[in-house]
Amino acid sequence: MLNYKQLHYFWKVAKAGSIARAAEQLRLAPQTISAQIGTLEKSLGTELFRRVGRRLEPTPAGQLTLSYADEIFQIGRELEETVRNRPGGSDMLFRVGVADVVPKSIAYRLLSPALSCAARVRLICREDKLDRLFAELAIHKIDLVIADRPLPGELGVKGYSHPLGRTPIAFFAARALAERYKKDFPQSLHGAPVLIPSDGATVRGALTRWFSEHQIEPLIVGEFDDTALMKAFGKAGAGIFPAPTVLADEIRSQYEADIIGRPDRIAAQYYAISVERKLTHPAVVAISEASKTDLFVDDKRLSAHGRRT
């Protein structure tokens, strides 16, 4: 079994660059640290350091060990801080990863119910690419991933995809553009300036297929990972942009843009991905219930919207 005290000594030396500096920080004799690291190397079956000039630098095996040690001691600090700061033992740490293609307004609306559930929750939220978030979910570094697609089976990550809901997609434009392109939609989009999500977004593929089916070739003037930035360009009149209809009121007021039309049968769907088959975490349950009752349209309404063009 791994000796965490030895791992801590290794970690300190790797950060300090020498046994002498680490010994000063730990207030231990250099011989003690050296002996403990030697024992760790023996138990792992490999050397963890090599001498480069006057410094000790991790070997390739040492670099790998250091990356794990960083995570282990980071989690340890979070555990200590969380337990220490729990008033009356009621606070609950809730780590969430949000895929960078999920609109921030959608992410906020999905996650905000977690702060209103019966148990007091401390939310730790980070945004990243889906593959990195799935990897962190696999090692329990985060509790939940909010994504626009289910967990791919080929990743080999043990997890479960819980649908939160879906919302039709509409095309929006600044009001001057909207008046021009509302007429003869969707054919009016042929040659029109369009802003579009990047390839990482699931809806991008659906839009590309829809353009092809309707023999529409828009002028793509911008592709965006950040949908908020895409809307900002849309507000400035740079082009027409797609967005979930559940955000229509916000887009009208904040970005001064109106709907010019809805592509048929295109919707954005969002998932809560966790290691739980059955949702039991109070914050996740609150998110799931609120999404179905307060945020997203149901399938019947979705179908009704989907027939409109």
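Readers should treat all values here as calculations from the given coordinates under stated rules, not as data from a laboratory. None of these values were measured; they are calculated from a predicted model. Don't worry about glycine lacking a Cβ; one is built from the backbone with ideal geometry, like all the others, and counts go over all protein chains shown.
Note on segment 154-237: Lys pairs 8 or more places apart or on different chains, Cα atoms under 27 Å apart, count 4. For the pair D225 and S34, the difference between a 0.36 nm per residue extended length and the Cα-Cα distance amounts to 64.0 nm. Remark on L93: its backbone amide H falls under 5 Å from those of R122, a criterion applied only to residues 5 or more positions apart or on other chains, H modelled at 1.01 Å from N.
What the Kirkwood sum gives for the chain is a hydrodynamic radius of 22.7 Å, with every pair of different alpha carbons counted. Which percent, nearest 5, of DSSP beta bridges in the chain are antiparallel? Antiparallel bridges make up about 55 percent of those DSSP assigns within the chain. Taking 7 Å steps out from each Cα toward its Cβ at Q25 and D184 produces label points 6.9 nm apart.
Adding -39500 (n - 2.57) for every DSSP H run of four residues or longer, then dividing by how many residues the chain holds, sets the calculated 222 nm ellipticity at -13000 deg cm²/dmol. For the pair segment 1-27 and segment 181-221, the centres of their Cα atoms are 57 angstrom apart. Projecting the alpha carbon convex hull of segment 206-259 along each direction and taking the average yields 4.0 nm². Which of the listed residues, P58, Q31, C125, is farthest toward the dipole's positive end in the chain, when Lys, Arg count +1 and Asp, Glu count -1 at the beta-carbon? The residue sitting most towards the positive pole is Q31. Indicate the gyration tensor shape class of segment 4-72 (rounded, prolate or oblate), computed on the Cα atoms with a ≥ b ≥ c the square roots of the eigenvalues: a/c under 1.5 is rounded; otherwise a/b larger than b/c is prolate and the rest oblate. Judged from the Cα gyration tensor, segment 4-72 comes out rounded (a/c under 1.5).
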